[in-house]
1. Between residue 103 and residue 53, 0.36 nm times their residue separation minus their Cα-Cα distance comes to what?
2. Calculate one ³J(HN,Hα) per residue across the range 204-213 by plugging θ = phi - 60° into the Karplus curve 6.51 cos²θ - 1.76 cosθ + 1.60, and present them in order as whole Hz with x for glycine and proline.
3. What area, in nm² and to one decimal, does the C-alpha convex hull of the range 113-237 cast on average over all directions?
4. Mind pulling the angle between the C-alpha long axis of helix 12-35 and the longest principal axis of the chain? Nearest 10 degrees, somewhere in 0 to 90.
5. Applying 1/(1 + (r/R0)^6) with R0 = 30 Å to the Cβ-Cβ distance of residue 178 and residue 36, what FRET efficiency is obtained, to the nearest 0.05?
6. Need one number for the chain: average projected area of the convex hull over its C-alpha atoms, nm².
7. Would you give the gap between the C-alpha center of the range 51-76 and the C-alpha center of the range 131-181, rounded to a whole Å?
8. Report the dimensions of the range 126-183 along its three principal axes from the alpha-carbon atoms, largest first, rounded to Å.
Amino acid sequence: MSHPALSAATPLWIGLAWLLTTVALYVGAKRLFLRRPRIWLSPILVTPIVLLALVLATGTTYEAYWSQSRWLTWLLGPATVAFALPIYQQRHVIARYPLTLAAGVATGVVVGVGSSWLLSLWLDLPREVMLTLLPRSVSSPFAMPAAQALGGQPELAVLAVLVTGVFGMLVGQGWLWWAGIRHPVSEGAAFGAGAHGVGTAKAWQMGPQQGAISSLVMIFSGIVLVLLTPLLARLVA
């Protein structure tokens, strides 16, 4: 996604300063989390909160921040291609649990899109916002092109994905225990289907089996949603 108008309106040094600030905050938050692994110190939670505070405190516009920071979003493209590696590495898991993976992917896509649709109707959200929220339950590299194809805003979709993932990370394990779900395969499928990358990071903390299953369900859910986007676009047209 290119926004030449943003680059032309914003001095280069300002955009680069925010880009470096974003990267530095993430690196610092990650180091802090490694020293003190607390869920509220997760980089995916700390970094956007601190960034938002800085943006508001300095009166920086969205256009100024996004002018050079958009390149971080561009990197999601190579990240999507890199998903082929964990799929290959966990091919034995696919062969061992095909039904579990299929059920997790199908449930995640249907519940994610369906709940977003119902929530949008309940809150009477504008149509563009509703279309943006539909792919919120899959990882950003998949959610952004899906939102764009549906007629939504890819950048806003990233925010929706982040909020969904953080919420799933915070309450997911407690909800699974409350529901009596104890099997590591089921736990991993739930995190991968409902909380994508952030949930997968939590699943890896729970155990390698949970992490592997969560990774695969997250990847396949994103692929399935992207493939179904043309059909979904017709349904919501």
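1. Stretched out fully, the residue 103 to residue 53 stretch lengthens by 14.0 nm.
2. Going residue by residue, I get 5, 5, 6, x, x, 5, 4, x, 5, 5 Hz, with x marking Gly and Pro.
3. 7.2
4. 40
5. 0.65
6. 13.9
7. 20
8. Extents along the principal axes, in whole Å: 39, 23, 14.
Computed from the coordinates by the stated procedures, all read-outs in this text should not be read as laboratory data. Quick caveat, the model's predicted, so the values are computed rather than measured. Glycine gets a Cβ as well: all are built from the backbone with ideal geometry, and neighbour counts include every protein chain shown.
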